[in-house]
1. For region 64-92, give me each residue that is farther than 30 Å from residue 114 by Cβ and within 10 Å of the chain's Cα centre (by Cα).
2. Collect the residues in region 72-82 that are open to solvent by 100 Å² or more (accessible area, probe 1.4 Å) and either assigned to a strand (DSSP E or B) or within 26 Å of residue 13 (Cβ to Cβ) (or both), keeping them in residue-number order.
3. State which residue pairs qualify: first residue without any contact (Cβ under 8 Å) to a residue 24 or more places away in the chain and inside region 10-30, second residue of a type outside the set (S, T, N, Q) in any location, beta carbons under 7 Å apart, and separation of 6 or more residues or different chains.
4. Being within 18 Å of residue 90 (Cβ to Cβ), modelled with pLDDT under 80 and not basic (Lys, Arg) is true for just one of 160, 121, 136. Which residue is that?
5. Quick one: is residue 112 at pLDDT below 70, within 23 Å of residue 91 (Cα to Cα) and surrounded by 15 or more Cβ atoms within 10 Å (Cβ to Cβ)?
6. Of (1) at pLDDT below 85; (2) over 30 Å from residue 111 (Cα atoms), residue 78 satisfies all except one. Which?
7. For region 90-109, which residues satisfy the criterion of being outside any helix (DSSP H, G or I) and open to solvent by 60 Å² or more (accessible area, probe 1.4 Å)?
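The values are calculated or read from the model by the stated rules, or taken from the named source; none is laboratory data. This one's a predicted model, so the numbers in the text were calculated from it and none came from an experiment. Note: ideal-geometry Cβ built from the backbone for every residue, glycine included; neighbour counts use all protein chains shown. When the accessible area is computed, the model is the full protein with side chains, heavy atoms only, and any ligands, DNA or RNA have been set aside. Shrake-Rupley method; radii C 1.70, N 1.55, O 1.52, S 1.80 Å.
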Amino acid sequence: VAKDSQEIFHKFLHRVFDGGDRQSCELELRRNQGRALNRGIPLNVCLVASATRDSDGNAIFCQMALIDVTERKRTEAFSRREEAWFRSLIETTQDAFISIDRQGRIVEVNPSAEKIFGCASEHDGYIARYEKTGESHAIGRIRTMTARRKNSELFPVELSVTEIPTGGGAHYAALMREVSDRVKLQEQLIEAQRLAA
């Protein structure tokens, strides 16, 4: 048992014997028996205990259960790493990322969105219409549309909106890529073809 886990365990026993209701704590143990492959691998456990007392309230013995929570801890750690990776991706992508709640309110924007728009973008009633009718005009598709910067300049973007189910309902994430250069090239190509004709 690691030194900090020993201290947690001793404090836990004092809480159990000093009174109060059922007590619990989590510890990290190291396997030192069994197959050599498993030795030294952390084992996360949850201890649950309560003391049986005599008529004077003195603890006479302790009932204790030990629950293996190693897999849950691994899953939590994986989820945290996954979220950190996702955060890093959103923060560093060149595309504008905007998170929107069910009421169409902007919850989060990334630095690229602030740079492209000069502020968080305004949006029309796509979310309200989708929530009301279930009819998707933008959600689950890639659309080319016109966006507006803070200084009122209009510019073309590719917009992709996806629905993200959450515990409190659905949220929406929008990715926008400015395509001004691509549109200019297309216009130049069309003009060159027109002149060639």
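1. Scanning region 64-92 gives no hits.
2. 72
3. Note: pairs meeting the criteria are 25/8; 25/12; 25/47.
4. After ruling out the rest, the residue left standing is 121.
5. no
6. Among (1) at pLDDT below 85; (2) over 30 Å from residue 111 (Cα atoms), residue 78 violates only (2).
7. If the condition is that a residue be outside any helix (DSSP H, G or I) and open to solvent by 60 Å² or more (accessible area, probe 1.4 Å), then 94, 102, 103, 105, 106, 107 are the ones that fit.
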